[in-house]
Structure formats: structure tokens, C-alpha cells
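Colleague: Structure in C-alpha cells, see below.
Only the coordinates and a few stated rules stand behind these numbers; no lab work does. Treat the numbers as computed from the prediction; the structure is a model and nothing was measured. Glycine gets a Cβ as well: all are built from the backbone with ideal geometry, and neighbour counts include every protein chain shown.
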Amino acid sequence: MIQANHIKKVFDQITVLEDISFEVNQGEIFGFIGPDGAGKTTLFRIISSLMLPEEGSVKINGLDVVKDYRKIRMIVGYMPGRFSLYSDLTVIENLQFFATVFGTTIEKNYDLIREVYQQIEPFKNRQAGNLSGGMKQKLALSCALIHEPKLLVLDEPTTGVDAVSRREFWELLNGLKEKGITVIVSTPYMDEARMCSRVALIQKGSILLINTPPEIIKTFGQKLYALRSPDIYRLLLDVRKYPQCKSVFPFGQSLHYVDKNSEINKNDFRLFLKQNKHEDTVVELIQPEIEDVFMKLMEKETETANE
């Protein structure tokens, strides 16, 4: 479906994408996972034929996004990160407008948007600007789907919406996947990576790793411990001074810790905690998540840059 080769993009002498190459298969949900500023939005604009790369190429179903941009826009549905529909138009007016732009009608492609649109249809006469975040998200998705695209490009679609709306949105994406629509989606939320067929971890304009979520987790290759304490911040500062500490970082209400040895020396570590008045600390062996792999890759990049 997508073949991207050696994409490079520069803004004001700053390289924001460097040698980006990947392939996306038909019917996949392919995720780009990374923090703000990683280059996800720029990459998606290039894929959607809205921005030109300095170097490299992108082809979608054999069509070049630069040379064949008119044809590309007929087979791609793009949903930008920021709500960009017409706030003064109603829900139904926005949908009718986008259908007309692409030479189709709501009635013709209603089956494709039915599952999404039915959730906002009771509010079809409400101005788009007065919708909640979750409803705006569903309206934008309906407008991106109305011309029956083969590829759906979603730039951080769940940012700024509640947890229930996030879950509902991913259920909708899985439904689209079952209909054969290919989806590429970017997100800063590491937990959403598990819902993708494959993911690319991206940081500072470079892809760190591409694989299925389970295979990415397997690359962690070390024992990981969760540390919990009533004084989590002071614990973080103290554990960083522990001689056998390889890495430690905050993760929700706990710390994720990796020892320099194959596993933690419980007696030594307990003595260290006691000496630093952390007797109430709970130490638990846990399974790593994709965020742990991402942090590990970031550490390697920092070490390489400092050599």
C-alpha cells in the first residue's frame, strides 16, 4: 500500500525528518509512536501530498505523492491533529460539503460511515464548533471517510479527548480495518501502540524501530522492576545514586528500574533503601511495555551522541 524511501525534510536549516523509510501493507493499522516534535505531523503531510520532501519518495498504490497528487487525494482520507472543519457549519452541512468536494453523496457512501456517524447523527443540526471533543473527532473521521478512501491518515486523533472516547475511537478503527481500509495513525500515547498491527517508534525525525507490538517488547531483553513508595520523587533521586542502577524513570505512580546486573541483588538493594529511609518501598518484577523499549532506545541514542 505505502512505500516510503529515504524521506528528508528541512525547515529553516533544521532537519525534521532524516532518512525515513518504511512500508505499510494493505489492511494494516500502522502506528507512528513518539513524543511531540518527533516529526509525525510533517511525515503525514508529506504522505497526504500536502507538503514536499527535500529528498526521497512516497508511493501509495504505485502512485507518487508528488507527481500524482491529484489521484492521491482521491484515495487518501486525511484527518489532521487540530480540528479543521467549519465550526460555523452544522454536522450535516460539513459532511455534505466534503461529499460534494469529492463528487459523491452521503447516501452513496453511508454504509462506510454508518458506524461512526450514527453516534453523532442525533446532533446533525448542531454547529460543529459546539460539539464536544469526542464528537468533533467522530465528525472529522466521517468527513475523512465520506469519499471511500483506500488509505486513512490520522494525525494524533485521540489527543485531548477523554479515555472513553479514545477507546471508542480505536474500536471504530478496528471496524474500518475489517472493511479493508488501511490506516496509518500517529499518537503520543504509548498504550495505543498495542492496538496497531505494527508500529514505528519515531524520535527527532528518525525511526528507531519498526515491528509488531509483541516483537518490539521482546527487544527489551532485561529484567524490569517497578518501585513504589509514598515519597516517589525522593526515591527517584536516591535510586539514581545507587551504584548498580542502570536506568530508572517515572512511570505513572511507580518507578521503572533496570539493574546493571542480570537481576537485582535484593539484599544489597534493601540495605540501600533502608539507609536512605525508604523502608516502605515495594519492589516488584514486571513485564516491560513499549514505553520501556522507547526509553531504552532513547538512552542508547544519548550514549551514542555523547561518545
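Colleague: How many percent of DSSP beta bridges within the chain run antiparallel, rounded to 5?
Modeller: Percent antiparallel among DSSP bridges in the chain is about 65.
Colleague: Under a Cβ-only charge scheme (Lys and Arg +1, Asp and Glu -1), can you give me the dipole magnitude of the stretch 222-287 about the Cα centre, in debye to the nearest 20?
Modeller: Dipole magnitude for the stretch 222-287 comes out near 160 debye.
Colleague: Let me ask another. Rank 96, 13, 244 by mean-square fluctuation in a GNM of the chain with C-alpha springs under 10 angstrom and give only the top-ranked residue.
Modeller: 13
Colleague: Taking the number of other C-beta atoms within 10 Å as the exposure measure, put 156, 93 in order starting with the fewest.
Modeller: 93, 156
Colleague: Note down the nm distance, to one decimal, between modelled labels 7 Å out along Cα→Cβ at residue 284 and at residue 83.
Modeller: Spacing of the two 7 Å Cα→Cβ label points: 3.8 nm.
Colleague: Of the labelled options (i) 16.9; (ii) 18.5; (iii) 42.3, which one gives mean projected area of the Cα convex hull in nm² as computed for this structure?
Modeller: (ii)
Colleague: Return the single residue from 15, 42, 187 with maximal mean-square fluctuation; model: Gaussian network over the chain, springs between Cα atoms under 10 Å.
Modeller: Result: 15 has the largest fluctuation of those listed.
Colleague: Can you give the charge dipole size of the stretch 2-212 about its Cα centre, rounded to the nearest 20 debye, using +1 on the beta carbon of Lys and Arg and -1 on the beta carbon of Asp and Glu?
Modeller: For this selection, approximately 240 debye.
Colleague: Sort the stretch 103-193 into rounded, prolate or oblate with this rule: let a ≥ b ≥ c be the square roots of the eigenvalues of the Cα gyration tensor; rounded if a/c is under 1.5, and if a/c is not under 1.5, prolate when a/b is larger than b/c, oblate otherwise.
Modeller: oblate
Colleague: OK, next. Can you give the longest run of the chain that contains no trypsin sites (Lys or Arg not before Pro) sitting in a DSSP loop with at most 16 other Cβ atoms inside 10 Å?
Modeller: In short, 1-66.
Colleague: Can you give me the C-alpha center-to-center distance between the stretch 184-226 and the stretch 264-279, rounded to a whole angstrom?
Modeller: Between the Cα centres of the stretch 184-226 and the stretch 264-279 lies a distance of 32 Å.
Colleague: Moving on. Set Lys and Arg Cβ to +1 and Asp and Glu Cβ to -1, take the dipole of the stretch 19-114 about its Cα centre, and tell me which of 53, 21, 38 lies farthest positive.
Modeller: 53
Colleague: Just from its helices, what would the mean residue ellipticity at 222 nm be for the chain, if runs of 4 or more DSSP H residues each count -39500 (n - 2.57) and the sum is divided by every residue, rounded to the nearest 500 deg cm²/dmol?
Modeller: After summing the helix terms and dividing by residue count, I get -10000 deg cm²/dmol.
Colleague: Same structure again: With the chain treated as a Gaussian network of Cα nodes joined by springs under 10 Å, which of 29, 210, 14 yields the largest mean-square fluctuation?
Modeller: In the Gaussian network model the winner is 14.
Colleague: So, one more: In the structure shown, do any of 223/296; 266/300; 241/266; 59/150; 8/177 have a Cα-Cα gap over 18 Å, and if so which?
Modeller: Violating the 18 Å limit, Cα to Cα: 266/300; 8/177.
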